[in-house]
Amino acid sequence: MSADNQADALTQVSRPSRYLGGELGSICKLEAGIEVRMALAFPDVYEVGMSHIGFPILYHILNSLDWAAAERVYSPWPDMEQWLREQQEPLCSLESSRALGDFDIIGFTLQYELSYTNLLTMLNLAGLPLRREQRDEQAPLIVVGGPCAYNPEPLAEFFDVALIGDGEEAIVELVEAVRRGKQQGWDRRRLLDELSTHEGFYVPALFTVDYQDDGCLAQITPLKEGYTMIRRRFLADLETAPFPTEPIIPFMQTVHNRVALEIARGCTRGCRFCQAGYIYRPVRERSPQKVKQLIDSALANSGYEEVSLLSLSTGDYSCIEPLLQNLMAQHAEDRVAVSLPSLRVGSLTEGLMEEVQKVRKTGFTLAPEAGSERLRTVINKGISAADLLTSTGDAYRLGWRLIKLYFMQGLPTETDEDLDALIELAAQVKRSGKGTGGNDVNVAVSTFVPKPHTPFQWQPQIGIEETLRKQSLLRDGLRKKKLRFKYHEAGLSFLEGVFARGDRRLAGVLERAVELGCRFDGWREHFDFAKWQQAFADCNVEPSWYLRERGEDEVLPWDHIDCGIPKKFFQLERQKSLSGAATIDCRGGDCHACGVCDFETLRMRLSDTGNLPPVVEKTAAEKPLDEELKTRVRLTLSKTGRARLVGHLEYLTMFQRALRRAGLPIRFSAGFHPTPKVSYLEALPMGVASEAELIDLELLHPVAIDHILSSLNVQLPKGFKIIEASIIPWKAPSPSASVASSRYRIPLPQPAPKDLSERIDTFLQAESVMVTRLKKGREEQLDLRPNLLEITLIDQELELNLVKGSPLLVAASLLKISVEEVRRLQVRKIGISLKGSPTE
């Protein structure tokens, strides 16, 4: 896509920063020596995909190879998809705007079954045939990975190869094979045959699937001798695994906008519903020393204000308390918060909770999953109501005001009595906070979806009617207890269940759903169950058949995918669940012979505190300001090129993070949520460039102007530049209060109005010029005339001099076109006049 076309598109869509690229930390390798180019494709919107921890790891591994390049692409929001189709433009990568179909490899991550239509839409927008058999030798190799790749069969007709398991080492083998194939002139069949020799690579074309008359699978037949099972790839040691410490810093607010570090991979709790707990075994921990080293580097290179310690159960990390104490003590002075997003009742100690509560008390989340002790034993949750209530009582006493509880409905053997117990347990949680000053409880309930490679993979899933009945029972019961209730829509859970345990016959349904317009099915505002019902009907597929109970002797669609745990172990666990027997966590007890460890290379790897540096208490409280040293600096910043499409709030966040990375001695406000003492001009309209944005900094002590300029400019993304800096009086007016007027240039549309001069005269002679504008969804009347000082025609451009307000509204009124059409003219702010200056 050309730069002009991209700029035109971005002025017409919502959240243009989704498509800008050029973020600090992104890598664009345009040199001729690149032999393999891979697009890392996330089948959801940018702000979701940028929060995924796996993509940055693969991105940096690939870009560390001299001969390989990785770029990113995300699902375009429907308004951008519409623009691409209307303009017949292909979907392109963020880094180089290369058309997706021009890459050697397109690698999709499969995090969620309801993203499958987005994957097919992205292929279609790339101009590629959806089905593998319809693509030619010049088409990119289509690769999938991620948790849903453990049953990739609903997508098997569309991709070339699936990577099963950990990707850090396998991704290099993938691009090496493609490189060798290009050098030696392999055809696609030869390349796939080569990949099938590497552990973890599943080539669906090398298997056929037959079905019985009743619809069940008859057999899965390998077409290559010796290629009968695809064993998952394992990363033996997380300690030595690569992790990027120079993250890509998005302009926009993403779902998880922070330093996110995986401190451990795998879980041994053995919750029988949890696919991740089985497919990521064994537990492999990073040492606290390595964690601290990576976090220190990532914070310095990102400017983030928060660190998140990630794991399936962060509280189970062997040295979580000393690590947390060390990190919080070290970074408190820098006002960096440390959060634990995954806490478990069984791992919550008093000391851990006291550390966590120092960060913030906005919400405390726990997942009992089931209301009764009996049902928690069935699912092997391993927590008691007493432990839960002790934890929630402690949380309320430590200052939390809101407890969030996550449950599931429709679990195996569940009865209405179990749902009544759920309601009562939530009410007991609320009562555990009585007398503490606040005891709100939010109850979120999702519908249980059986997943492959779990003991419950044979269990039935409840249908829509039963889902709605249970939700109604819970809604009524929780309302009586004055508890808030949130739930997952029945149609979404139904569809997730169909594809979670689906087979290759669903390919036609997916194609038809995409034709009917299904996109972003995991987003409530876009999910259209009626279209899905039509797709199933058009393909003569009964979707509820996929929710049925499976026989343990039945051939399952994923039986040729080896997650490392044998089927017989899952069968034993299923039998134990139905008999009410628990399986104790093997982390501190006996081995349960799940089969995943070889106890040599592949084994549980736990950490100890070792040589973790001693905790040195620091305080975030600001020292009294030295009146002799306090300094105020005014910066003039330009915002040009694609940077003009960065929204105002995104601009503020971007600049504050640049300040952190630059290490300037910024003053902070007082209070529980201190903010840097930085002042800005009023917001520029989206799409307006500027050569004269003012920013005031309050510094604790003087810093050389040259150092401020150089240290900040190196931290600013392309399109932003500090062009001037000066020391101003401490009590000088703020930037907004200092500006008398601003000058804007607007290129005229072609052909320009012949009577424009007369329009200008009429406008200037008028006492008022009333226009209607939308503000927060409501129409309001606005008089443009009082804020307009001058209008001049200069070289086929309008120059406006405004006291305040938007130049877009004035230009739209003069040119008799819409504000959006003016926005596409590339308006720019060329200067300001300061109050008290000779030009005022």
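The values are calculated or read from the model by the stated rules, or taken from the named source; none is laboratory data. Since the model is a prediction, treat every value here as computed from it, not as a measurement. For neighbour counting, all protein chains shown are included, and Cβ atoms are generated from backbone atoms with ideal geometry for every residue, glycine included. When the accessible area is computed, the model is the full protein with side chains, heavy atoms only, and any ligands, DNA or RNA have been set aside. Shrake-Rupley method; radii C 1.70, N 1.55, O 1.52, S 1.80 Å.
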Worksheet entry | Residue match in the stretch 270-286 (condition: modelled with pLDDT under 95, farther than 23 Å from Leu58 by Cβ, in a loop (DSSP other than H, G, I, E, B) and open to solvent by 20 Å² or more (accessible area, probe 1.4 Å)) | no
Practice prompt. Return the pairs, sorted by first residue and then second, in which the second residue is in a helix (DSSP H, G or I) and among the hydroxyl-bearing types (Ser, Thr, Tyr), the first residue lies in the stretch 754-772 and is within 14 Å of Lys816 (Cα to Cα), the beta carbons are less than 7 Å apart, and the residues are 6+ apart or on different chains.
Written response: Val769/Ser813; Val771/Ser813
Worksheet item: Ile57 is checked against (1) in a loop (DSSP other than H, G, I, E, B); (2) open to solvent by less than 20 Å² (accessible area, probe 1.4 Å); (3) closer than 16 Å to Leu174 by Cβ and fails just one. What number does that condition carry?
Response: (1)
Worksheet entry | Failed criterion for Pro368 (all others in (1) within 23 Å of the chain's Cα centre (by Cα); (2) part of a strand (DSSP E or B) hold) | (1)
Fill in: Any hit, the stretch 122-137, residues being in contact with a His (Cβ under 7 Å, 6 or more places away or on another chain) and either touching a residue at least 12 places away in the same chain (Cβ under 8 Å) or hydrophobic (A, V, I, L, M, F, W, C) (or both)
no
Worksheet entry | Unique match (being out of contact with any Phe, Trp or Tyr (no Cβ under 8 Å at 6 or more places or on another chain), in contact (Cβ under 8 Å) with a residue 40 or more places away in the chain and not charged (D, E, K, R)) among Pro204, Pro222, Pro242 | Pro242
Worksheet, complete the sentence: Note on the stretch 373-387: residues surrounded by 20 or more Cβ atoms within 10 Å (Cβ to Cβ), of a type outside the set (Val, Ile, Thr) and in a loop (DSSP other than H, G, I, E, B) are Asn380, Lys381
Item to complete: For the stretch 686-707, indicate whether the set of residues that are exposed (fewer than 14 other Cβ atoms within 10 Å of the Cβ) and in a strand (DSSP E or B) is non-empty.
Response: no
Worksheet item: Filtering the stretch 66-79 down to residues that are in a loop (DSSP other than H, G, I, E, B) and in contact with a strand residue (DSSP E or B) (Cβ under 8 Å, 6 or more places away or on another chain), which residue is most open to solvent (accessible area, probe 1.4 Å)?
Response: Trp67
Worksheet item: Restricting the search to the stretch 577-590, which residues are open to solvent by 50 Å² or more (accessible area, probe 1.4 Å) and farther than 13 Å from Arg281 by Cα?
Response: Leu578, Ser579, Ala582, Ile584, Gly588, Asp590
Discussion item. Please count how many residues of the stretch 458-476 are open to solvent by less than 10 Å² (accessible area, probe 1.4 Å), hydrophobic (A, V, I, L, M, F, W, C) and either within 13 Å of Leu547 (Cβ to Cβ) or part of a loop (DSSP other than H, G, I, E, B) (or both).
Written reply: 1
Worksheet entry | Yes/no for Ser711 being at pLDDT 95 or above, in a helix (DSSP H, G or I), of a type in the set (S, T, N, Q) and under 30 Å from Glu628 (Cα atoms) | yes
Worksheet item: Among the residues of the stretch 447-457, is there at least one that is in contact with a His (Cβ under 8 Å, 6 or more places away or on another chain) and either surrounded by fewer than 23 Cβ atoms within 10 Å (Cβ to Cβ) or in a strand (DSSP E or B) (or both)?
Response: yes
Practice prompt. Mind listing just one residue for me: the one in the stretch 321-331 that is in contact with a strand residue (DSSP E or B) (Cβ under 9 Å, 6 or more places away or on another chain) and either open to solvent by 30 Å² or more (accessible area, probe 1.4 Å) or free of Cβ contacts under 8 Å to residues at least 40 places away in the same chain (or both) and, of those, nearest to Arg281 (Cα to Cα)?
Written response: Leu324
Worksheet item: Got a sec? Which strands (runs of 3 or more DSSP E) wholly within the stretch 731-808 have at least 3 residues that are within 19 Å of Ile830 (Cα to Cα) and open to solvent by 30 Å² or more (accessible area, probe 1.4 Å)?
Response: 739-747, 788-794
Fill in: Any chance Arg374 is charged (D, E, K, R), in contact (Cβ under 8 Å) with a residue 24 or more places away in the chain and farther than 28 Å from Gly270 by Cβ
no
Item to complete: Inspect all residues belonging to the stretch 715-727 and state whether any of them is closer than 19 Å to Leu834 by Cα, modelled with pLDDT under 95 and open to solvent by 60 Å² or more (accessible area, probe 1.4 Å).
Response: no
Worksheet, complete the sentence: Picked from the stretch 11-44 (must be under 17 Å from Thr245 (Cβ atoms) and out of contact with any strand residue (DSSP E or B) (no Cβ under 7 Å at 6 or more places or on another chain)), the residue most open to solvent (accessible area, probe 1.4 Å) is Ile27
Worksheet, complete the sentence: Filtering the stretch 416-446 for residues that are open to solvent by 30 Å² or more (accessible area, probe 1.4 Å) and within 31 Å of the chain's Cα centre (by Cα) leaves a count of 3
Response to the item:
In the stretch 85-103, anything in a loop (DSSP other than H, G, I, E, B) and under 24 Å from the mean Cα position of the chain (by Cα) is listed as Pro90, Leu91, Ser93, Leu94, Glu95, Ser96, Ser97, Arg98, Phe103
Fill in: Residue list for the stretch 189-234, filter: among the hydroxyl-bearing types (Ser, Thr, Tyr) and over 21 Å from Arg505 (Cβ atoms)
Ser196, Thr197, Tyr227, Thr228
Discussion item. Between Arg504, Arg574, which is touching a residue at least 24 places away in the same chain (Cβ under 8 Å), more than 25 Å from Phe42 (Cα to Cα) and of a type in the set (D, E, K, R)?
Written reply: Arg574
Discussion item. Looking at Arg823 and the list (1) surrounded by 17 or more Cβ atoms within 10 Å (Cβ to Cβ); (2) of a type in the set (Lys, Arg); (3) in contact with a strand residue (DSSP E or B) (Cβ under 6 Å, 6 or more places away or on another chain), which single condition is not satisfied?
Written reply: (3)
Discussion item. Please verify whether Glu168 is within 14 Å of Arg188 (Cβ to Cβ), open to solvent by 10 Å² or more (accessible area, probe 1.4 Å) and in contact (Cβ under 8 Å) with a residue 24 or more places away in the chain, treating the condition exactly as stated.
Written reply: no
Response to the item:
Within the stretch 157-194, restricting to residues that are within 16 Å of Leu206 (Cβ to Cβ) and acidic (Asp, Glu), the one that is farthest from the chain's Cα centre (by Cα) is Asp187
Item to complete: Identify, by number, the condition in (1) of a type in the set (S, T, N, Q); (2) buried (at least 17 other Cβ atoms within 10 Å of the Cβ); (3) not in a loop (DSSP other than H, G, I, E, B) that Gln82 doesn't meet.
Response: (2)
Practice prompt. Report yes if Glu47 is surrounded by fewer than 22 Cβ atoms within 10 Å (Cβ to Cβ) and in a helix (DSSP H, G or I), otherwise no.
Written response: yes
Worksheet, complete the sentence: The condition from (1) in contact (Cβ under 8 Å) with a residue 40 or more places away in the chain; (2) within 30 Å of Gln184 (Cβ to Cβ); (3) of a type outside the set (A, V, I, L, M) that Glu31 misses is numbered (1)
